[in-house]
1. Quick one: compute the contact order of the range 95-231, relative version, from alpha carbon pairs under 8 angstrom and 6+ residues apart, as a percent.
2. Which ³J(HN,Hα) values in Hz, rounded to whole numbers, follow from the phi angles of the range 119-130 under the Karplus curve 6.51 cos²θ - 1.76 cosθ + 1.60, where θ = phi - 60° and Gly and Pro get x?
3. What do you get for GluC sites (Glu not before Pro) in the range 111-204 restricted to DSSP loop and a cutoff of at most 16 other Cβ within 10 Å of the site's Cβ?
4. What is the distance in Å between the Cα centroid of the range 330-391 and that of the range 155-206?
5. Karplus couplings for the range 379-388 from phi (6.51 cos²θ - 1.76 cosθ + 1.60, θ = phi - 60°), rounded to Hz, Gly and Pro as x?
6. Show the residues, 5+ positions off or on another chain, whose built amide H is closer than 5 Å to the amide H of Val248.
7. Which ³J(HN,Hα) values in Hz, rounded to whole numbers, follow from the phi angles of the range 392-402 under the Karplus curve 6.51 cos²θ - 1.76 cosθ + 1.60, where θ = phi - 60° and Gly and Pro get x?
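Throughout, read-outs are computed from the coordinates displayed, never taken from laboratory work. This structure is a prediction, so every number in the text was calculated from the model and none was measured. Cβ placement follows ideal geometry from the backbone for every residue including glycine, while neighbour counts extend to all protein chains displayed.
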Amino acid sequence: MRFVQTIKNIWTIEELRNRLVLTFLLVVVYRLGCYIVLPGVDPQLLKAMHSAAENQASGLMQLLDMFSGGAFSQASIFALGIMPYITASIVIQLLGMVLPSFQKMQREGESGRQKLNQYTRYLTVLILLVQGPAYLFNLQHQFRAAHIDFELGWFLAIMLTVILAAGSMFIMWLGERITDRGIGNGISFIILVGIIARLPEALFYEFIARTPGSAETQGGLIMFIVELILLFAVTAGAVLLVQGTRKVPVQYAKRIVGNRQYGGARQYIPLKVNAAGVMPIIFAQAIMFIPLTLAGYSTSESGRGFFAAFTDINGFWYNFVYFVMIVAFTYFYTAITVRPTQMAEDMKRNNGFIPGVKPGKATAHYLDTIMSRITLPGSLFLGIVAIMPAFARILGISNNFAQFFGGTSLLIMVGVVLDTLQQIESHLMMHHYDGLMKDGKIKGRTTGSAY
């Protein structure tokens, strides 16, 4: 069989085999750390707290728990996960769009990238020093809400904050090792592992709930099969969203430098249908949690009723506003990341032009028009994928399993899996073996980032 032969080819390549083995071992270390509970926190009391709570963390808390592979709810030393590093990366990326000094570092190549990475690490530490105490006091509040005695003194809070910060920095180090010596895309791969770690449990409980004889049986096994078909369909749509591109032909004029001839060949610029990735969903989620916060401070019934309409994740107004914001943020983020003017200048500098379009401003206007046209269906499809978990919950799918029907988790899983397959494909093709696909074409994300 072709699949078995491909596995043999992968194992035959020593470099690829070593990278896969190292990646597996580092992932095992990460997963083991997710089950090490913080010092001073009794695991039995933690279990009792979750048993006493009828509704566990939802919204942002559930999203953080999914990204951390369950470490967030288990009060693990890896509870804060990789999210502080992602937040710092997003801030540095945004600063690179508005501050000339950061823009200069972005253009300095490898040296500039190293400086930005160092600034990202410093900012990650600062974020951890804020998120660490916030997480601990939230944990104390949850214990008290479950009528469980748990006192968090200043000395214990400082010690646990240092442990949480060290745990997150260690995860970041694991991700960098996977990037340098493993299969690549280490940070994204860590997030992928955290998300997939929750899938077997969610799938198992959903199957039990649909099994005849269960107290919560709804629809039986036929409904469970329908759910799996729907999940595969949504995943296939996410693959198309990640891989979708519009190729713009670029003709380069011939140049003769010394005895060598350059240019003359036609190439293509792949403009992505979804150039913004999952960033619009992340921005929209951050804003949609503001009404949830304000609802707690509102004293009037009318105010609480207004904010309550935007805190019901299954409600119409929440999902409608969420959808509209994702579409708007997709255009916004695409506009600040894809720069047609700079692309037109680069083509003109390298004696390139789009057939039938004048170089310079006309080329920039042409590229901007194409990006606007392909961004519209991309943004609408991204918005639909983002609100799919709400439709899944309305259809009776459990909350944990519904998270895999769309949103950030699905797009990250699809993007990272495609990138990983592309890495393996490149190693196979480089050693003259058949690739994973017959046509040898697996397209990953051009951004190289899951976020």
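1. 11 percent
2. 4, 5, 5, 4, 5, 4, 4, 4, 5, 5, 5, 8
3. Within the range 111-204, the qualifying GluC sites (Glu not before Pro) (loop, at most 16 other Cβ atoms within 10 Å) are Glu151.
4. Comparing the Cα centres of the range 330-391 and the range 155-206, I get a distance of 34 Å.
5. 5, 5, 5, 5, x, 5, 4, 5, 9, 4
6. Ile269, Leu271
7. Whole-Hz 3J(HN,Hα) from phi for the range 392-402: 5, 5, 5, 6, x, 6, 4, 4, 5, 6, 5.
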